[in-house]
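All remarks here apply to the structure that follows.
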Amino acid sequence: MSDIADAPPLTIDQAIANLQQTDDPGLRYYAAWWIGRFRVNHPDAIAALLAALEDEQDRSPDGGYPLRRNAARALGKLDSSLAVPALLKCLDSSDYYVREAAAQSLEMLGDPAAVPGLLNLLAGGVEAAIAVPDKPHLVQPYNAIIEALGTLGDWPLVPEIIPFLDHDQPQVRNAAARALYQLTGKPEYAERLVEVLYCPDLQLRRSALMDLGAVGYGPAAGAIARTLAENSMKLIALKGVLERQLCPDDFEGRLEDYAKRFDPLSLSAPAIETMALMDSLL
Amino acid sequence: AAVAALAALKDERAAEMLIQTLGYNNPGAAVAAVDGLIKLGSPVVPLLLAQLDSDNYGARAWALRALAGIGDPRGLTLLLKTATDDFALSVRRAATRGLGIIQWEALEPKAQQAAQAEVKTALLQVVRDPEWVVRYAGIVAVQGLAMAVDDHSTIAAIEDCLQERIAADEVLAVRARAQWAVQQ
């Protein structure tokens, strides 16, 4: 049962052709999503997605660019360095959701060259990070930007992000805590996320679970197992913790490279404790 | 909280009410009810099996979790089918876990051997599930089976399958769990 088997009957060639044509915006929009979902890493697919980032045809009633949003999301899932400059350009889009998708995709592509462009969007600091009147969002996609900076950046970003720990929105505070932990390795930041696991809002507890799993903060394992949320999400978070415990702290490479160095006899006591917690949640 | 109080009674008369709770589409209450039913154990198995005939997918999934947690061999046929066939990965995961904690002593020796062979076949398939968490549960369950049987060929087949996971699984957490199973 592969991903492809679950897909609607669209072939790779058909999806690329649908993305290249401009007569039917609906087909084009769906093809952009499909190509990302099934990671069609083909030069023609990438070229067509880059072209879609310039689309002027597909507009939402509020002036947004739905096709560009999907294309920007898809490019984060494909392995192409060509996408980075195009996504950086998207960070200046008038469409909030295009900027958000671009920031998330730049994080996934892992190129530190995106840092200055992302940092520009934090201009004005936390004082400028206010809601847009009549919209359900802030002036910038702060969560996505801060998370991307945490993944791609280095310690000089710390003073830029610290003020966001005091933002009014708990999601922004979580993103800042996660990024600061990634940038500094200081437990005090990860502990802020652990505190969120005890808050009354399920949505926030889930997001803290995902953040702690993404950074693999080992001391949180017990709190993750006990928090009130679905076992499925706790298991994903504990998988992140376990994989960090199995990898040396400085390991930045891909799992395939790690496999060559994997010493199957080197299970540490904390890794075994995490697995015991996972067993209890199955 | 009422459900938790009911579960704490550990009273078989509470079982019917706990089972009803499984159909209410309230995950918090269902988790508490499943815990309560697992504590009540084997006596609630016939009630659970009746519930598993219902049309309510959510209720069936929760009842199956309770059945998996109890480990009563009367649930075996259903656990086998669910672990390998259900479309929801969290339900396959729970059924798989159940296959690792079957109370084998409740079966006659002859029935025990036949059932263990079936469980082995199913689990060797489950450890290749497309979802990592189901494979992880499959490893926990084959470990449970290996500890329960004394048939050398079954134990050897489980060893082989664990070694294959250690060497080849694409998810590091699954490899590590297979390694831990071998060590135990």
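Within the shell of other residues whose beta carbon sits under 13 angstrom from the beta carbon of B:Arg165, the net charge comes to -2, with Lys and Arg scored +1 and Asp and Glu -1. Listed by chain and number, the lysines whose C-alpha is less than 29 Å from the C-alpha of A:Lys135, apart from same-chain residues fewer than 8 away, are A:Lys77, A:Lys89. Label-to-label distance for B:Glu159 and A:Lys135 is 6.4 nm, based on points extended 7 Å past Cα in the beta-carbon direction. When chain B is treated as a GNM with alpha-carbon contacts under 10 Å, the residue of B:Ala14, B:Ala114, B:Ala32 showing the greatest mean-square fluctuation is B:Ala114. With the simple model of a label 7 Å out from the Cα in the direction of the Cβ, B:Arg128 to A:Glu195 spans 5.0 nm.
Per atom type, the stretch A:73-142 shows carbon and sulfur on 57% of its accessible surface, probed at 1.4 Å. Based on Cα contacts under 8 Å between residues 6+ apart, the stretch A:106-154 shows a relative contact order of 52 percent.
Taken about its Cα centre, the protein assembly as shown carries a charge dipole of about 800 debye when Lys and Arg each add +1 at the Cβ and Asp and Glu each add -1 at the Cβ. Distances between placed amide hydrogens fall under 5 Å for A:Leu138 paired with A:Val132, all partners being 5 or more residues away or on another chain. Each chain gives up part of its surface: A and B jointly bury about 2000 Å² of accessible area, both sides summed, for a 1.4 Å probe.
The Rg/Rh ratio for chain B is 1.00, where Rg is the radius of gyration of the alpha carbons and Rh is the Kirkwood radius.
Sort the stretch A:1-109 into rounded, prolate or oblate with this rule: let a ≥ b ≥ c be the square roots of the eigenvalues of the Cα gyration tensor; rounded if a/c is under 1.5, and if a/c is not under 1.5, prolate when a/b is larger than b/c, oblate otherwise. Cα axes put the stretch A:1-109 in the oblate bin.
With a 1.4 Å probe and all protein chains left in place, how much of the accessible area of the stretch B:72-184 comes from carbon and sulfur atoms, in whole percent? Carbon with sulfur: 52 percent of the solvent-accessible area. Add +1 for every Lys or Arg and -1 for every Asp or Glu among the other residues with Cβ under 13 Å from the Cβ of A:Val126, and state the total. Charge balance in the 13 Å sphere: -3.
Do you know the relative contact order of the stretch B:70-111, to the nearest whole percent, from alpha carbon pairs under 8 angstrom that are 6+ apart? Contact order relative to length: 49 percent. Charge dipole (Cα centre; +1 on Lys/Arg Cβ, -1 on Asp/Glu Cβ; no other charges) of the stretch B:72-184 amounts to roughly 260 debye.
Taking every residue in B:140-147 and counting other chain Cβ atoms within 10 Å of its Cβ, the average works out to 1. Charged side chains reduced to their Cβ positions (Lys and Arg at +1, Asp and Glu at -1) give the stretch B:1-70 a dipole of some 160 debye around its Cα centre. Please say if the stretch A:112-252 is rounded, prolate or oblate, where rounded means a/c under 1.5 for a ≥ b ≥ c the square roots of the C-alpha gyration tensor eigenvalues, and otherwise the choice is prolate for a/b larger than b/c and oblate otherwise? Since a/c reaches 1.5 but b/c is at least a/b, the shape of the stretch A:112-252 is classed as oblate.
Think of a 1.4 Å ball rolled over the protein heavy atoms: the stretch A:1-109 then has 50 Å² of accessible area per residue.
Is any residue of the stretch B:68-87 close enough, with backbone N under 17 Å, to a label point placed 7 angstrom from the Cα of B:Ala111 along the Cα-Cβ axis, and if so, which? Answer for the stretch B:68-87: B:71-80.
Taking amide hydrogens as placed 1.01 Å from N in the peptide plane, the amide H of A:His42 sits under 5 Å from that of no residue at least 5 positions away in sequence or on another chain. Between B:Tyr57 and B:Ala167, the distance separating the two model label sites (each 7 Å from Cα on the Cα→Cβ line) works out to 3.9 nm. Built from the Cα atoms of the protein assembly as shown, the convex hull projects on average onto 24.8 nm², one quarter of its surface area. The three principal axes of the C-alpha atoms in the stretch A:60-159 carry coordinate ranges of 35, 33, 16 Å, sorted with the longest axis first. For B:Met147 and B:Gln20, the difference between the fully extended length at 0.36 nm per residue and the C-alpha to C-alpha distance is 42.2 nm. The residues of chain B expose on average 46 square angstrom of accessible surface per residue, using a 1.4 Å probe on protein heavy atoms.
Sequence-distant contacts, meaning Cα pairs under 8 Å at least 6 residues apart, place the relative contact order of chain A at 9 percent.
Listed by chain and number, the lysines placed with their C-alpha closer than 19 angstrom to that of B:Lys120 are B:Lys81, B:Lys110; residues fewer than eight positions away on the same chain are left out. Here is how the number arises for the protein assembly as shown: DSSP H runs of 4 or more residues each give -39500 (n - 2.57), the sum is divided by the residue count, and the result at 222 nm is -20000 deg cm²/dmol. Dipole orientation for chain A: of the candidates A:Leu138, A:Ala229, A:Tyr29, A:Ala229 has the Cα lying most toward the positive pole (charges on Cβ; Lys, Arg +1; Asp, Glu -1). Candidate cross-link partners of A:Lys234 among the aspartates and glutamates, defined by an alpha-carbon separation under 19 Å and a same-chain spacing of 8 or more, comprise A:Glu191, A:Glu195, A:Asp201, A:Asp211, A:Glu243, A:Glu273, A:Asp279, B:Asp35, B:Glu131.
Of A:Ile162, A:Met278, B:Leu67, which is farthest along the charge dipole of the protein assembly as shown in the positive direction, counting Lys and Arg as +1 and Asp and Glu as -1 at C-beta? Ranked along the dipole, the leading option is B:Leu67.
The values are calculated or read from the model by the stated rules, or taken from the named source; none is laboratory data. All values derive from a computational prediction rather than experimental measurement. Backbone-built Cβ (ideal geometry, glycine too); neighbour counts: all protein chains shown. Each accessible area value is taken on the protein alone, full model and side chains, heavy atoms only, with ligands, DNA and RNA left out. Shrake-Rupley method; radii C 1.70, N 1.55, O 1.52, S 1.80 Å.
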